Amino acid sequence: MKNTRIYLILIGVMLIWGLNVPLLKIIVDSFMPVTVTAVRIFTASICVLIILSFLKLFRKPTLKETMYIAGGGVLNVVCHHYFLSVGLTMTTSTNGGLILGLGPMLTAILSILFLNQRLTIIRFTGFVLGLTGVGFTILAGSKGISNMNTGDIYIFISIFTQACSFIIIKKACRTLDPRLMTGYMLFFGSLVLFIISLITEPGGIESLFHGTPAVWGVFFTSAILATAIGHMTYNFAIGMVGPAETSIFMNLSTFFALAGSALILHEAIYPSHLIGLLFIVSGVILGSGAYEEFRYRHRHHKNEASSSG
């Protein structure tokens, strides 16, 4: 019953994250993308740190933890959000949402390389399926690989750098609460992004004064619900039910992003998008280890039932 409650919460988080992709598309099309992303993440970081203060989880990090926060902040916040915000100005929300669905699979690959996790035939098959799905997604509606959208490549770099950050986060969370690390990374990353925006977008701050109330409503919805509460809740769920089980729910984020792009932005959904979605979802389930974890648990419960009988 306890896990059921966590699963329902995770479905809600995936709904928010999926719908956040078209919301981000609206935000970066209304303002200078890097500038507004820095402000959005700064807003989220303040929300997280305030919540943690009320929960009495706030504390100063040690020197070693600070180094992890800096490394994770550069990858998880600066690189991830920079390439995501800029990439979404060059491609559709539909493509972005599908490519972002590769996150769990990329994390599994990096875990095999850097955390000595085992590579199995099932996981290798998942990696191949996932990359095939990305191929269908990137080439959807284009005339071939020679016309591949630069924005799609940026989105891929975005999710790859985020996956790299999870290796750092996993090591840091041995002593640092993942929710507190999330708040510190968001705060650090937003400051770095703001400095970058001052260099790359001289008129960025001025663009913030031209937003409509509706767009600012979208901004605060994204910052507070998706970035602040969403990341805190997901990291908490990993600690409750484990990374393999929570990664299954990332598939729902891809589905909700696809549906939200069609409903909110009225973007066209091509057959190649649906084919890409099928391959990516299959690849994530197999490549992330979620299928192997499910099969192991099923066998374990079956053996226990046989023994008790």
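Miscellaneous remarks
- Span-rule helices in the chain, defined as complete DSSP H runs reaching 15 Å or more along the axis (Cα) with Kyte mean at least -1.0: 2-30, 33-54, 103-114, 121-138, 150-172, 178-200, 230-241, 243-264, 271-287
- Cα-based Lys pair tally, the chain, threshold under 21 Å, eight or more apart or on separate chains: 4
- Each of Leu286, Thr161, Gly211 was placed along the dipole of the chain (beta-carbon charges, centred on the mean Cα), and the one lying farthest toward the positive end is Leu286.
- The value obtained for the range 7-157, namely the Cα convex hull volume divided by the number of residues, is 161 Å³ per residue.
- D by Stokes-Einstein for the range 1-77, Kirkwood Rh over Cα pairs, 20 °C, 1.002 mPa s: 140 µm²/s.
- By the equivalent-ellipsoid construction on the alpha carbon gyration tensor, the chain comes out with semi-axes of 30, 25, 18 Å, ordered largest to smallest.
- Counting only protein chain heavy atoms and rolling a 1.4 Å probe, the accessible areas of Met240, Met250 rank, largest first, as Met240, Met250.
- Length-normalised contact order of the chain in % [C-alpha pairs under 8 Å, at least 6 apart]: 41 percent
- Taking each DSSP H run with n ≥ 4 as -39500 (n - 2.57) and averaging over every residue of the chain yields -25000 deg cm²/dmol at 222 nm.
- Carbon/sulfur fraction of accessible area - the chain, other protein chains in place, 1.4 Å, %: 71 percent
The values are calculated or read from the model by the stated rules, or taken from the named source; none is laboratory data. Nothing here was measured: the structure is a model prediction, and the numbers come from that model. With ideal geometry, Cβ positions are generated from the backbone for all residues, glycine too; neighbour counts draw on all protein chains shown. Surface areas here come from the heavy atoms of the whole protein model, side chains and all, with no ligands, DNA or RNA. Shrake-Rupley method; radii C 1.70, N 1.55, O 1.52, S 1.80 Å.
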